[in-house]
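*Asks:* I'd like to ask some things about the structure below.
The values are calculated or read from the model by the stated rules, or taken from the named source; none is laboratory data. Everything numeric in this text was worked out from a predicted model, so none of it was measured. Ideal geometry is used to build each Cβ from the backbone, glycine not excepted, and the neighbour counts take in all protein chains shown. Surface accessibility is based on the protein's heavy atoms, side chains included, excluding ligands, DNA and RNA. Shrake-Rupley method; radii C 1.70, N 1.55, O 1.52, S 1.80 Å.
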Amino acid sequence: MENIVECRNLTHYYGDKMVYEDLNFNIKKGSILGLLGKNGTGKTTTINILNGYLTPRSGECIILGENSKNLSPYVKSQIGYLIENHVQYAFMNIYQIEKFYSGFYPNWKRDAYYDLMAKLKVTPKQKISTMSCGQRSQVALGLILAQDPQLLVLDDFTMGLDPGYRRLFIDYLRNYAKAEGKTVFTTSHIIQDMERLIDECIVFDYNKVLVYMPVQEFMTTFKQFDFEVTNPNVEFDKGGLVENYEKMDNSIELFSYSTEKEVKSYLASQGIEYSNFKQVPMTLEDAFIGLTGKY
Amino acid sequence: MWKSMFYKEWIKVRLASILSLAVGTVAILGIYLNVRHTFIITNAHEFWDGIINQRHIYFKLFKYIPLGIGILIGLSQFLPEVKDKRIKLTLHLPLNEEKAGLKMVAFGLTCLLTLYSILSALLILPGRYYFPYEVVALSANTIIPWFSAGLAAYFITGLITIEPLWKYKVFYTLLGFAFINLFYQSDLAGAYQYAWLPFLGIISLVSISILFSIYRFRKGEM
Amino acid sequence: MLQKFSRYLLVAAAIIILSSVIPTIYRTLFKTPYKYESIYYSLLKDEFFKSRYDFETSSSNYENSKGEALTEEEFHKACPIENSYFLITKGQFPDSINGIKIDVEKFRPESDYASIRSQYFETPSYHLFPLMDSKGPLTYPQDVCRIGTNKVEFIVAETNKVDEAKSDQYTRVFDNEEFSYPVKLLAGIPTTMKPYDNGWFITDSKDAFYHMKMENGKPFLKKIQTPEGFKVKYVSPSTIESRSIHAYVISAENKIYVLSSLDYSLNELPIYDYNPERHHSLEVRKNPYFTRISFSSFHSKKVYVLDRNYKLLNTFEETGTPYAEMTVGKAFSALFPFHLNFSEGHHSFVRFVFKGYKNISWIVVNTLLVLVNIFIIIRKKSRFRNNILDLLLVAATGIFGFVAVNLFPNKEY
């Protein structure tokens, strides 16, 4: 399948502080890729590079065949961009902002925007700055839907949304993307509900990529095992079989891509005594925290 | 696209424009009420003497109003763009980023020049009712540096507002202050008649500064 | 590409602005001491005396031409005419000086003072003036006069309308005297704070020199006979009580004349080195016995003393160190290859005056700044190719270019 976005060997630093080195990823046409990571791991940096607001130290991003450093007006018209916090021209009202944007896009889908606006309890003359965060997110989403781009780039869109709006946003977006064959690239530091949306995920940690695979694959291969140890001072080496672990007195939560059998034999080989060993089902959020740690 | 671009700019500056027009008009009204009052309570020829021989500028109240308008229009146009880094939205519009920036400035400039034309006409033309044309002509000459200062202030406000780094914002403010100061060096009516053209030349040098600011922003100075 | 261009425009604007601002700051920080010194002439001793005001002790110091200190009393006695006020009040004024009998009564009417500042040689003007009645009471007229492109007009302030009858009356007189419109120069004293009115001195488009007055409501226009090719640069009307002098006149060749009111004759003074572009202030002090004319530039002072018939009696000259040879001045030209001024001493307009590149003492500082800039380029790991123009600008404009190119960073991404 054709790639809408190809990022090759992206390397960026802020001063001497490395954000990441040699980051590679592609987004296939029609897929939804989620870039997950805690705050400050480089999610917005990636979005800025993708949109041409930042030139990486090295490497390049090709979007719809063009280098993101210099996007042509046509390619920009094919990217729907939702800024962190649903920033929009808040000095306009919902009527004005539609009038403004419609002048730029020949295939502007006015109805798509107004259908979504009809669901909000706002008056057409109400300024966007006076709306709630949830309402603003719908205005921003409505504008992107009306723009009808091939690629949607959403920067941390769940931020500030209450659970209802988050669900609404995610479900609406997924149905739309799948029905219209749109490609979506989204970042988030809130993982809750994210598995309802994304097909593939990249998990960022500081300076490195922890995971880059389809969500389904990640959820089936990445596992959590809980057990109790007799010696509370036991430590595990990370990097091999053990991806990460959390310890609370004698209780251990161990995260691994290995099977139950492999883990048990590993524990035996290390001479660790344990009891109450069980595999625990995880949500994507659990898996994310398990992988990146609580801190 | 021009229409849409101008529509957004107009939404931003309309309040500031109306306010500027109102303040300018009220000031002009005050100036001429004062002239009328002086003509009635004292003698007209004494007022003339004040202007012609004692170098009194009867509309001095207006001195810093064009400057204020320039800054106000600049702020009302560029502050909403940098709030929450909304300039990202503007740069993401499907048009060349440089053109987008220049269109914004073109609109602001048109708006400012319209305001200035109206206000300078309101300020100068009624003078013909009270004074000989020589006074009107030199008065028109006297206000040129004041309006030029406003124009310069508009461009520099844009430069300072869009500049992403605080350090440079401070430097540009200092430089801007020094620049604006040059327009208020002499209180003598008509003193700038040989200088306003070169001053307009320097103003035109800073007129496309938005391209520099946008470039810095796009390259990731934040 | 366009953004690079916009950066260079900003750099150019900054260089222009800084070339005015930085030197101004420098001159404010390193002021040159100003000497408050007056030169007096003693008819008694044919000698010059100095009086210097000391701001710290709030007192005056006096010395003679040999540099010997004098008390105030000694000074007053040495220069009796110039200190007549003090001596007369104390009753110590001499009856005669060098055999000439001194008549105290003549003092006031035959004394005059004129301060001619080059700044007013060229100044923005409305080209309108009040014409008072020289024979009537000293009052401000209800109208102003305009000498237009083909007629004389009086505009009444109350109505802002032309007084046609009066205008026609004057226009006829002007036509009779073959006045060539429009007027070039207007010199008069537009105030009632003067002992008497003596109308206006004007020149026409062909540089003919006229005296214009109103006497008992009637126009008066007198063409003044001038030497061949004579052009008036400036006229300072006199208010001498005896009315023996009409005005002090500066010609286009910077010669000084006294316009006598006896016969409108122009008496050229034997002064040939006055230059209003350098000497920003010229002072004429006249008493019944001599006329003292002094003018000074930044570092020099010249005094001429002329007798009653404007023949040279004595001269005084004092030359100090020019600014360019003082330490602050040398540092100035080493630091700044050029600078921008907006005012000059010989007019009151705002003008762009670029001065500089007179010597090459700035080359050291400029070279140093180029090296510093190269160091900055290396440290920022920029490519030289992109900074050649910047370096050239620093080399040519020194500190201004250095500040400007770094104020608008030439970053590579």
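*Asks:* Failed condition for A:Leu54, given (1) free of Cβ contacts under 8 Å to residues at least 40 places away in the same chain; (2) at the interface with chain B (Cβ under 9 Å from one of its Cβ atoms); (3) not small (Gly, Ala, Ser), with all others met?
*Replies:* Answer for A:Leu54: the failing condition is (1).
*Asks:* Next question, about the same structure. Can you confirm whether A:Val122 is more than 24 Å from A:Ile4 (Cα to Cα) and crowded, with 22+ Cβ neighbours inside 10 Å?
*Replies:* no
*Asks:* Residues being open to solvent by less than 90 Å² (accessible area, probe 1.4 Å) and in a loop (DSSP other than H, G, I, E, B): count how many of those fall in the stretch C:311-336.
*Replies:* 5
*Asks:* Select from the stretch B:36-46 the residues that are part of a helix (DSSP H, G or I) and within 14 Å of another protein chain (Cβ to nearest Cβ) and write down the one among them that is surrounded by the fewest Cβ atoms within 10 Å (Cβ to Cβ).
*Replies:* Step by step, filter the stretch B:36-46, then rank; the result is B:Ile41.
*Asks:* Tell me which residues, restricted to the stretch A:73-112, are more than 25 Å from B:Leu75 (Cα to Cα), assigned to a helix (DSSP H, G or I) and within 9 Å of chain B (Cβ to nearest Cβ).
*Replies:* A:Pro73, A:Tyr74, A:Val75, A:Lys76, A:Ser77, A:Ser102
*Asks:* Do you know which of the residues in the stretch A:235-245 that are at pLDDT 85 or above and open to solvent by less than 60 Å² (accessible area, probe 1.4 Å) is farthest from A:Pro281 (Cα to Cα)?
*Replies:* A:Phe236
*Asks:* Out of C:Phe342, C:Phe354, report the one residue that is within 14 Å of chain B (Cβ to nearest Cβ), of a type in the set (A, V, I, L, M, F, W, C) and open to solvent by 30 Å² or more (accessible area, probe 1.4 Å).
*Replies:* Of C:Phe342, C:Phe354, the one residue that is within 14 Å of chain B (Cβ to nearest Cβ), of a type in the set (A, V, I, L, M, F, W, C) and open to solvent by 30 Å² or more (accessible area, probe 1.4 Å) is C:Phe354.
Let's see how each residue does on (1) assigned to a strand (DSSP E or B); (2) in contact with a helix residue (DSSP H, G or I) (Cβ under 7 Å, 6 or more places away or on another chain); (3) buried (at least 16 other Cβ atoms within 10 Å of the Cβ); (4) not assigned by TED's automatic domain parsing to the domain that holds C:Tyr264:
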position	(1), (2), (3), (4)
C:Phe174	no, no, yes, no
C:Ser180	no, no, no, no
C:Thr191	no, no, no, no
C:Lys194	no, no, no, no
C:Phe201	yes, no, yes, no
C:Asp207	no, no, no, no
C:Tyr210	yes, no, yes, no
C:Lys213	yes, no, yes, no
C:Pro219	yes, yes, yes, no
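*Asks:* Here is a further query. Can you name the residue in the stretch C:12-48 that is within 30 Å of C:Ser96 (Cα to Cα) and more than 25 Å from the chain's Cα centre (by Cα) and, of all such residues, is least open to solvent (accessible area, probe 1.4 Å)?
*Replies:* For the stretch C:12-48, the residue satisfying everything is C:Ser42.
*Asks:* Could you say which residue among C:His280, C:His211 is touching a Gly at 6+ places or on another chain (Cβ under 8 Å) and closer than 25 Å to C:Glu317 by Cα?
*Replies:* Unique residue meeting the criteria: C:His280.
*Asks:* Of everything in the stretch A:248-258, what is touching a residue at least 12 places away in the same chain (Cβ under 8 Å) and either within 12 Å of A:Lys223 (Cβ to Cβ) or surrounded by fewer than 18 Cβ atoms within 10 Å (Cβ to Cβ) (or both)? Give them in sequence order.
*Replies:* Those that are touching a residue at least 12 places away in the same chain (Cβ under 8 Å) and either within 12 Å of A:Lys223 (Cβ to Cβ) or surrounded by fewer than 18 Cβ atoms within 10 Å (Cβ to Cβ) (or both): A:Asp249, A:Asn250, A:Ser251, A:Glu253, A:Leu254, A:Phe255, A:Ser256, A:Tyr257, A:Ser258.
*Asks:* Kindly evaluate C:Arg292 against the criterion of being assigned to a loop (DSSP other than H, G, I, E, B) and of a type outside the set (Asp, Glu).
*Replies:* no
*Asks:* Can you work out which of the residues in the stretch C:391-413 that are without any contact (Cβ under 8 Å) to a residue 24 or more places away in the chain and more than 14 Å from chain A (Cβ to nearest Cβ) is surrounded by the fewest Cβ atoms within 10 Å (Cβ to Cβ)?
*Replies:* For the stretch C:391-413, the residue satisfying everything is C:Leu392.
*Asks:* Mind listing whichever residues of the stretch A:7-51 are touching a strand residue (DSSP E or B) at 6+ places or on another chain (Cβ under 9 Å) and assigned to a loop (DSSP other than H, G, I, E, B)?
*Replies:* Once the filter is applied, which keeps residues that are touching a strand residue (DSSP E or B) at 6+ places or on another chain (Cβ under 9 Å) and assigned to a loop (DSSP other than H, G, I, E, B), the stretch A:7-51 yields A:Lys29, A:Gly30, A:Ser31, A:Lys38, A:Thr41, A:Gly42.
Residues are listed down the side, and each one gets a yes or a no for (1) over 23 Å from C:Glu153 (Cα atoms); (2) in a loop (DSSP other than H, G, I, E, B):
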position: C:Lys222; (1), (2): no, no
position: C:Pro227; (1), (2): yes, yes
position: C:Thr239; (1), (2): yes, yes
position: C:Tyr248; (1), (2): yes, no
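*Asks:* With the stretch A:219-295 as the region, which strands (runs of 3 or more DSSP E) entirely inside it contain at least 2 residues that are of a type in the set (Ser, Thr, Tyr)?
*Replies:* Output list reads A:251-256, A:274-280.
*Asks:* Hey, could you check the stretch B:13-35 for residues that are touching a residue at least 60 places away in the same chain (Cβ under 8 Å) and open to solvent by 20 Å² or more (accessible area, probe 1.4 Å) and say which is farthest from the other protein chains (Cβ to nearest Cβ)?
*Replies:* Result: B:Thr25.
*Asks:* Looking at (1) without any contact (Cβ under 8 Å) to a residue 60 or more places away in the chain; (2) part of a helix (DSSP H, G or I), which is the only condition A:Lys121 fails?
*Replies:* Among (1) without any contact (Cβ under 8 Å) to a residue 60 or more places away in the chain; (2) part of a helix (DSSP H, G or I), the lone unmet condition for A:Lys121 is (2).
*Asks:* Please pick out the residue among B:Tyr154, B:Tyr172 that is within 8 Å of chain C (Cβ to nearest Cβ), among the hydroxyl-bearing types (Ser, Thr, Tyr) and open to solvent by less than 30 Å² (accessible area, probe 1.4 Å).
*Replies:* Of the residues listed, the single one that is within 8 Å of chain C (Cβ to nearest Cβ), among the hydroxyl-bearing types (Ser, Thr, Tyr) and open to solvent by less than 30 Å² (accessible area, probe 1.4 Å) is B:Tyr172.
Per-residue answers, yes or no, for (1) of a type outside the set (Phe, Trp, Tyr); (2) more than 25 Å from B:Phe179 (Cα to Cα):
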site: C:Val303; (1), (2): yes, yes
site: C:Phe316; (1), (2): no, yes
site: C:Phe332; (1), (2): no, no
site: C:Phe338; (1), (2): no, no
site: C:Phe349; (1), (2): no, no
site: C:Tyr357; (1), (2): no, no
site: C:Thr367; (1), (2): yes, yes
site: C:Phe384; (1), (2): no, yes
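*Asks:* Check B:Leu188 against each of (1) hydrophobic (A, V, I, L, M, F, W, C); (2) touching a residue at least 40 places away in the same chain (Cβ under 8 Å); (3) open to solvent by 10 Å² or more (accessible area, probe 1.4 Å); (4) part of a helix (DSSP H, G or I) and name the one condition it does not meet.
*Replies:* (4)
*Asks:* Let me ask you something else. Going through A:Asp162, A:Asp199 one at a time, which residue ends up being open to solvent by 10 Å² or more (accessible area, probe 1.4 Å), in contact (Cβ under 8 Å) with a residue 24 or more places away in the chain and closer than 18 Å to A:Asn85 by Cα?
*Replies:* A:Asp162
*Asks:* Just the residues that are more than 10 Å from chain C (Cβ to nearest Cβ), in contact (Cβ under 8 Å) with a residue 60 or more places away in the chain and open to solvent by 10 Å² or more (accessible area, probe 1.4 Å), please, taken from the stretch B:116-142.
*Replies:* Answer for the stretch B:116-142, where residues must be more than 10 Å from chain C (Cβ to nearest Cβ), in contact (Cβ under 8 Å) with a residue 60 or more places away in the chain and open to solvent by 10 Å² or more (accessible area, probe 1.4 Å): B:Ile118, B:Leu122, B:Pro126.
*Asks:* Name the one entry in C:Asp163, C:Asp133 that is in contact with a strand residue (DSSP E or B) (Cβ under 7 Å, 6 or more places away or on another chain), in contact (Cβ under 8 Å) with a residue 40 or more places away in the chain and surrounded by fewer than 19 Cβ atoms within 10 Å (Cβ to Cβ).
*Replies:* On inspection, the qualifying residue turns out to be C:Asp133.
*Asks:* Follow-up question, since we're still on this one. For the stretch B:47-85, enumerate the residues that are within 14 Å of chain A (Cβ to nearest Cβ), open to solvent by less than 10 Å² (accessible area, probe 1.4 Å) and either of a type in the set (D, E, K, R) or under 30 Å from B:Glu134 (Cβ atoms) (or both).
*Replies:* Correct list: B:Glu81 only.
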